[in-house]
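Report on one structure; see the data block that follows.
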Amino acid sequence: MTSKTTNEFSPEMRDRAVRMVLDHEREHLSRWAAIVSIAAKIGCTGQPLNE
């Protein structure tokens, strides 16, 4: 049995989060650090933003 994951964020929210990462990645040591920082602010883990 396989389970499907659901995307709990709307496409608009995901787009906004990606823009935030791109806008703020210069403030962090790596893109991953920016992803983790933004993910914490919007209430998710970094993996969904990294995909």
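Computed from the coordinates by the stated procedures, all read-outs in this text should not be read as laboratory data. Here the structure is a predicted model, which is why all the values come from computation and not from measurement. Reconstructed Cβ throughout: ideal geometry from the backbone, glycine too, with neighbour counts over all protein chains shown.
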For the stretch 13-27, what are the residues that are under 10 Å from the mean Cα position of the chain (by Cα) and surrounded by 16 or more Cβ atoms within 10 Å (Cβ to Cβ)? R14, A17, M20, V21
Mind checking which residues of the stretch 34-51 are farther than 14 Å from L22 by Cβ, surrounded by 16 or more Cβ atoms within 10 Å (Cβ to Cβ) and touching a residue at least 24 places away in the same chain (Cβ under 8 Å)? C44, P48
